Amino acid sequence: MPFVSHMDAALEQAAAAAVRGEVPVGAVIVAPNGEIVARAGNQTRQTCDPTAHAEILVIRAACALLGSERLPGYDIYVTLEPCPMCASAISQARISRLYYGASDKKSGGVSQGPRVFSHPQSHHVPEIYDGIGAQKAEVLLKNFFANRR
């Protein structure tokens, strides 16, 4: 099956999060057959929950749908480099591939900061593809924060 990016669907979730006043980060989980099984955008402010990052929410939704705590063979698309918490959750869920857009020099946990997947205690390391839709994700984030200042 040829590669099909699902970053546009994650970007839609990020844009919807921005409209709700949330930091514009979106994520989708994609099944081995290419079907999107879960979608989410950040909801930390809406739910008063610091763990309600798009990645955590989409992993929870996919696991609930599938009745499993693990997602081997599934992919996650995220508009921003996952933070350490989310990178660890991706590892714990045994997600096969991580596609992310913009790098996060301040809070990233994959290629920035603690580099969770290169730590010896990371029991599962997904394939990682960065820079997918990075420019669109960066524009969403820059506009969001510019409007807050």
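The values are calculated or read from the model by the stated rules, or taken from the named source; none is laboratory data. This is a predicted model, so every value here is computed, not measured. For the accessible areas, the whole protein counts, side chains as well, though only heavy atoms, and no ligand, DNA or RNA atoms are used. Shrake-Rupley method; radii C 1.70, N 1.55, O 1.52, S 1.80 Å.
Couple of notes before you dig in:
- Taking the C-alpha atoms only, the angle from helix 7-19 to the longest principal axis of the chain is near 40 degrees.
- Remark: the chain carries 51 Å² of accessible area per residue (probe radius 1.4 Å; ligands, DNA and RNA excluded).
- Rounded to the nearest whole Hz, the Karplus-based 3J(HN,Hα) values (6.51 cos²θ - 1.76 cosθ + 1.60, θ = phi - 60°) of the range 33-48 follow the sequence 7, x, 7, 6, 9, 7, 9, 7, x, 3, 9, 4, 6, 4, 9, 6, with x at glycine and proline.
- Derived from the Cα gyration tensor, the three semi-axes of the equivalent ellipsoid of the range 41-128 are 18, 17, 11 Å, largest first.
- Pairs of Cα atoms farther than 19 Å apart, the chain, %: 47 percent
- Under the Karplus curve 6.51 cos²θ - 1.76 cosθ + 1.60, θ = phi - 60°, whole-Hz ³J(HN,Hα) for the range 50-66, x wherever Gly or Pro sits: x, 8, 7, 6, 3, 5, 5, 4, 6, 5, 4, 5, 5, 5, 4, 4, 8
- Accessible surface of the chain, 1.4 Å probe, proportion on carbon and sulfur as whole %: 53 percent
- Prolate/oblate/rounded call for the range 96-138, Cα gyration tensor, a/c under 1.5 rounded: oblate
- Here the convex hull built on the C-alpha positions of the range 1-43 has a volume of 49 cubic angstrom per residue.
- Rh (Kirkwood; distinct C-alpha pairs) - the range 10-73, Å: 11.8 Å
- Working note: Karplus 6.51/-1.76/1.60 with θ = phi - 60° gives the range 131-138 the couplings x, 6, x, 4, 4, 5, 5, 5 Hz, where Gly and Pro are set to x.
- Considering only alpha-carbon pairs that sit under 8 angstrom and 6 or more positions apart, the relative contact order computed for the range 69-149 is 32 percent.
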